[in-house]
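Okay, so here's the structure we're looking at.
The values are calculated or read from the model by the stated rules, or taken from the named source; none is laboratory data. As the structure is a prediction and not an experimental result, all values here were calculated from the model. All Cβ positions, glycine included, derive from the backbone under ideal geometry; neighbour counts span all protein chains shown. Accessible surface areas use protein heavy atoms only, side chains included; no ligands, DNA or RNA. Shrake-Rupley method; radii C 1.70, N 1.55, O 1.52, S 1.80 Å.
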Amino acid sequence: MMYKNIFDTHAHYDDERFSEDLEELLSSFPQNGVTGVISCGVNAESSEKNIALSEKYPFIYAAAGYHGLNTEDLTEDYLDILTGLIKSKKTVAVGEIGLDYHYEKETRDIQLKIFKRQIELANEYGLPVIVHDREAHMDTLEILKELKPRGVVHCFTGSVEMAREIVKLGMYIGLGGAVTFKNAVKPVEVAKFVPGDRLLLETDAPYMTPVPFRGKRCTSLHIPYTAQKIAEARSTDVQNILDISCKNAKELFNI
Ligand code: NI
């Protein structure tokens, strides 16, 4: 089955798991229906790599930011560095930023601080944010309510109630491979609930590979499997899900 309008709003093509065949892989995207990819940084170095990719491939866009798990990479001038990175022509968002209490609860205070600072910077430059929230739903929601950025909560793992709050703020919900996992109850409920104009598709490649490819490396070419599951939940077809999420991505990221 050939699809079109595949827009992956969250991938990490700077990851070393792509180093061997990156050029071959990315070059195959247009003929396979991939029209856009946002490759997200998690610190200064990876943001720079993604910006370089975005300059090489017309369908790749970059997001620059410091992930909550990379607080040890912070230098005193991290905000100045980020300001430079977001001025690149193809940087369309500040991300991936946010809170991760699953792996690093002990760095909570510094995570909160750099998350807020980066949202403020995004607001100042009129850019959307790409938000990571792992086991930090309450703090994430509180900060989003306070600072009101445009943007997306990626790989959304919250409840329908939280999704409703995010949508009320005018933000988008990013859904990826997790909706296809066995025992995925909440993500499927959220997939049913999200208003059509607030849904984004993503991979988090090389991670979060959808069924039936779990255990293998994830790429943007796997998006239709996630779209299939969402289409089933919403009683529509795969191409429709790809079309609306592509349109939403272009609107949010001003592409
Ligand atoms: Ni990610």
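If you bin every alpha carbon distance in region 144-189 into 10 Å steps from zero, what whole percent lands in each bin?
Once binned at 10 Å, the Cα pair distances of region 144-189 give 28, 52, 18, 3.
Treat every Asp and Glu Cβ in region 167-219 as -1 and every Lys and Arg Cβ as +1, leave all other atoms uncharged, and give the resulting dipole magnitude about the Cα centre to the nearest 20 debye. Show your work: numbers first, answer last.
Values: 8 positive and 4 negative charges, 39 e Å.
Charge dipole, region 167-219, about its Cα centre: 180 debye, nearest 20.
Distance between Cα centroids, region 205-249 to region 61-84: provide it in whole Å.
Centre-to-centre distance over Cα atoms comes out at 29 Å.
Can you give the calculated 222 nm mean residue ellipticity of the chain, where each DSSP H run of n ≥ 4 adds -39,500 (n - 2.57) and the sum is split over every residue, rounded to the nearest 500 deg cm²/dmol? Please list the in-between numbers first.
Working: 9 runs with 100 residues, N = 255.
Value at 222 nm, helices only, nearest 500: -12000 deg cm²/dmol.
Which of K113/K247; K216/K247; K113/K182 have a Cα-Cα distance over 31 Å?
Numbers: K113/K247 33 Å; K216/K247 29 Å; K113/K182 36 Å.
With Cα atoms farther than 31 Å apart: K113/K247; K113/K182.
With a 1.4 Å probe and all protein chains left in place, how much accessible area per residue does the chain have, in Å²?
Details: 11320 Å² over 255 residues.
In whole numbers, the chain has 44 Å² accessible per residue.
If packing is taken as the mean number of other Cβ atoms within 10 Å per residue, what is the order of 74-83, 178-187, 219-228, highest first? Before the final figure, lay out the partial values.
Numbers: 74-83: 14.5, 178-187: 16.6, 219-228: 23.9.
Final packing ranking: 219-228, 178-187, 74-83.
Counting only C-alpha contacts under 8 Å and six or more residues apart, can you give the relative contact order of region 29-133 as a whole percent? Please report the intermediate quantities before stating the final value.
Details: 186 pairs, mean separation 27.1, N = 105.
Computed value for region 29-133: 26 percent relative contact order.
Given a 1.4 Å probe and every protein chain left where it sits, what share in percent of the accessible area of region 6-252 is carbon and sulfur? Let's see the in-between values first.
Working: 5250 of 10600 Å².
Ligands and nucleic acids excluded, carbon and sulfur reach 49 percent.
Report the local net charge at F18: Lys and Arg +1, Asp and Glu -1, summed over other residues whose C-beta lies under 15 Å from its C-beta. Walk me through the numbers on the way to the answer.
Working: positive: R17, K49, K56, K216, R217; negative: D8, D14, D15, E16, E20, D21, E23, E24, D204.
Every neighbour counted, the sum reads -4.
Taking the convex hull of the Cα atoms, report for the chain its projected area averaged over all directions, in nm².
Values: hull surface 49.2 nm².
That works out to 12.3 nm², a quarter of the Cα hull's surface.
Report the relative contact order of the chain, percent, no decimals, based on alpha-carbon pairs under 8 angstrom and at least 6 residues apart.
It comes to 19 percent, rounded to a whole number.
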